[in-house]
Each structure stands twice: as C-alpha cells, then as structure tokens.
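Worksheet: the structure to be examined is printed underneath.
The values are calculated or read from the model by the stated rules, or taken from the named source; none is laboratory data. Everything quoted here is computed from the prediction, not taken from an experiment. In this analysis, Cβ positions are derived from the backbone assuming ideal geometry, glycine residues included, and neighbour counts consider all displayed protein chains. Just the protein is used for accessible areas: all its heavy atoms, side chains included, with ligands, DNA and RNA removed. Shrake-Rupley method; radii C 1.70, N 1.55, O 1.52, S 1.80 Å.
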Amino acid sequence: MSLTSGLHCPRTPLRRFLDRELSAGADPLCKTFRARDQSDQILLPGPGVGTEAENVGTAIDYRLRLAFTTAEPVDHVARAGILLTGTYDSDPSQRMREVGEELAARLEETVLGLQLDNRELPMDRAHDEEEDLARMLIAAAWYQVNYRTSIGFAFNPLAITGREDSGTFTLERLLELPHRDMVADFVTQRYKATDGPLDALRARTRPEDCTQAPRSPPTGSARTPTSPSTGCCSTSRALDSPARSARAKRGS
C-alpha cells in the first residue's frame, strides 16, 4: 500500500491516526509529538513565533519572489482570502475585508515604489523598509490562510483581533499584530539570502525572465472565488521558487 492510498482511505491505521491527532488542534498535537520524541535536541520556533512559523515562512517566500519579479505585487491567493472575509454580513467580516483591501493597496504601492525587482538596485532594502514589508507580507499570509482553510483562519491573530472589536480594527492595528520575533526572523532570513546563490541568480536574470511558479488547479470546492485583478484562483501554496522558475525558463 502506498502512502497516498493510506491517506485516501479513512479506514487505514495511518488515516485514523492522523484524523485523531490533527483534530485535537495545534497545541495538543505539538505536546503529543514532543512527549513521544526522545531527541534531546529539538528545534522550536522563537517564543514570539510559535505556531505562526508557517506564515512567517510564507511571507519570506513571498518577499524573495518579489526580488525577482513584481508582476504580481499582491499574491492572488491573498486577494482571494480578502474577498472571502466579506462573504458574511457581520460587521467584523466586512471590516476585515475593508482592512484587507487597504493592505493590498498599500502593499502594491510599496512594492512598486521600492522597485524590488530592479536589477540596478541591491536585492535588499533599508532595515526599516524590510520591517515594513515583513509586517505587510505576514498580514497578507494571514489572509491567504482564509482562502485555504477557514478553520485555520479563525484562530490566527488577524481574525481574533478583527472579531474582538471591529470598530477599532484598522490597517495600522493589523500591522501591529506580527510579534517582533516574527518580524526579526523575516528580516534575518531576508538578509541571509543576499549572501547566497539567489543574489547571483537574480543578477543573471531580468524580471521578464521570471514567471510565477506553478500552482495546483482549482478543485471545484466552494472556496474558489475569482480575483477581479487576476482572473484566476489557486488551492495551494506555490510549488516552486522564483529562482527555479527563472532557471527553468532560461534553460528552455
């Protein structure tokens, strides 16, 4: 039996185990894993990152893509997530959509203004500009979660804060939510990329050489709104890096 067939069938031991463990939630799952793991060296996220590590990773990936091409300054999955927050008539839902649209407008203006894909400029920007990008891209990653899984979105800082008091939920409040450890991790990883192979690859390519990485086709589920700005939708995170996309195009 293959691993995928074991996942597809709800009666297999693997599927029963995963259903039981994952349904308990992120915190109990982490505790169960740590209790069973006998290693004395476990790498854990910083205290201010916690279970948001995946969204920080999404934001870092997002930033590195923009260093290669700014053809899509606001990821269409983030736009779809923003649209979905307004599908309910409640004040919090409508307010989260309004703030999301403000975020998209500011992010696009910032990305284009900084000319992140300009090869005549260095790959990195000033520290305060990178921190601003970190906060905006982490917030955009939170909206992406809303497109992928409404259950996960309900428990992220954006949704929790938006529901608490929609009257005081503003773009400025949203950008205050990412913990300083999340922002620091983003900026640190961003500067490390400057000394790696991505910088050299960026210098050998042009923005028009780089295309968005391949994404999975829509599954036909109810959560497939069409973004008015891109006319497309996606059901998973990009499967490739901008560097690899550029390399593949140059080799074709």
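Modelled label positions at His8 and Ala126, each set 7 Å beyond Cα in the direction of Cβ, lie 5.6 nm from each other.
Ranked by solvent-accessible area (1.4 Å probe, protein heavy atoms only, all chains present), the residues His127, His179, His76 order from largest to smallest as His127, His179, His76. Where in the range 115-132 does the label zone of Arg206 land, with the point 7 angstrom along Cα→C-beta and an amide N cut-off under 12 Å? Backbone N within reach: 119. For Gly86, nonlocal amide neighbours, meaning residues 5 or more places apart or on other chains whose placed amide H falls under 5 Å from its own, do not occur. Here the simple spin-label model places points 7 Å from the Cα toward Cβ, and for Glu101 and Glu54 these points are separated by 2.9 nm. Taking Cβ atoms as reference points and 12 Å as the exclusive limit, the residues near Leu112 contribute a net charge of -3, counting Lys and Arg as +1 and Asp and Glu as -1. Rounded to 0.05, the FRET efficiency of the Asp27 and Arg119 pair, given R0 = 41 Å and the Cβ-Cβ distance, is 0.40. Projecting label points 7 angstrom from Cα along Cα→Cβ for Glu164 and Ser150 puts them 2.4 nm apart.
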